[in-house]
Structures are given as C-alpha cells and as structure tokens.
Amino acid sequence: MEQRPFSDHSYNQYLNEEKLMGSRCKKCDARYVPPRSLCIECYRSDMEWVEMKGQGKLAAFTAITIAPPFMMAQGYDRKNPYCSGVVELDGGGRVDARIEGVDLAHPENIKVGMPMKVKFIHREGSEKQETYLAFEPA
Ligand SMILES: [Zn+2]
C-alpha cells in the first residue's frame, strides 16, 4: 500500500478520490478520521491507513444558521440553514461531516442513531477540485 503522510492534505486527496480514509493504530486498533499520526489512546505512532466503509450512525447534529463564508457562498444563511453532525462509523471511528437529505424545518424527524451513508460533494475551487464529506440517511 502506498504511504501517504497522515495529514489533512492526504485525507483531502483521498476524499477527491471518493475514499473515506482514516488511520488505525496497529497496537490498540483505535481509528481516527481524519487521520492522526499519533494514537491518543496508547501514545504509539505505529499507524496504518484504513479505508472506512462509509456507513454509520448519526451521533450528534446541529443546524448551522450562522454560516462560515465558504458556506454562505453556497447559499446557506439564517433562512436556509444546513446541518452539521458527527457520524459514528461502522467499524470504529467518528467523523465530523455535513448532513444532507434531512429536513431542518422538521428537526424532530432527525434522530440520533439513524443509519447514515457517505456522500462525496465535489466542487470546483478556484485552483483545484475540492471535495466535502457529507452523510445522508441510508
Ligand atoms: Zn493506540
């Protein structure tokens, strides 16, 4: 397997390739998405890349009404909020991601624990393609 450094840059490159990759501690099997080069469970740095299945359960979510500038550029604001959440991945690891395909006008329909699947959102940036990680109800 090729060895890319365990960095946000590598993680974003993998997202461009529609791969959700994290790092796995060879000692204690802890998983990190985005990857860490040092395990915060056992403090070893013996890590390897592992591809996540892209399925999991919604662990937490929040509606964002005050959007950061790059999201405002995509049309999100107080009248059109978007959902951000944490997904507990099947096989281990938790990841922050945008949550799509949910009705923020009826947030009572969004349930912690609901099954989610990964969705890669590609967007042409000024210099290069950027990919955002999102999840939607499975
Ligand atoms: Zn470890």
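Every number in this text was worked out from the coordinates using simple rules, so none of it is lab data. Model, not experiment: these values are computed from the prediction. In this analysis, Cβ positions are derived from the backbone assuming ideal geometry, glycine residues included, and neighbour counts consider all displayed protein chains.
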Under Karplus coefficients 6.51, -1.76 and 1.60, residue-wise ³J(HN,Hα) of the range 9-25 in Hz, glycine/proline x: 4, 4, 4, 5, 4, 5, 4, 4, 8, 6, 10, 9, 10, x, 10, 10, 7
Translational diffusion of the chain, µm² s⁻¹ [Kirkwood Rh, Cα pairs; Stokes-Einstein; 10 °C; 1.306 mPa s]: 100 µm²/s
Rel. contact order, % - alpha carbon contacts under 8 angstrom, at least six apart, the chain: 21 percent
Over the range 50-123, relative contact order from alpha-carbon pairs under 8 Å, at least 6 apart, %: 38 percent
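If R0 is 22 Å, what FRET efficiency do you get for PHE70 and HIS106 from their C-beta distance, rounded to 0.05?
Numbers: r = 27 Å, r/R0 = 1.21.
My answer for the efficiency is 0.25.
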Stokes-Einstein diffusion coefficient of the range 72-115, Kirkwood radius over Cα pairs, 20 °C, 1.002 mPa s, in µm²/s: 178 µm²/s
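Enumerate by residue number the chymotrypsin sites (Phe, Trp or Tyr not before Pro) in the range 32-138 meeting two conditions: DSSP loop (anything except H, G, I, E, B), and at most 12 other Cβ atoms within 10 Å of the site's Cβ.
Sites meeting the loop and neighbour criteria: TYR43.
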C-alpha center-to-center spacing [the range 27-77, the range 118-137] in angstrom: 15 Å
Sorted by Cβ neighbour density within 10 Å, fewest at the top, the residues ARG24, ARG78, ARG36: ARG78, ARG36, ARG24
Lysine pairs within the chain, Cα separation less than 21 Å, 8 or more sequence positions apart or different chains: 13
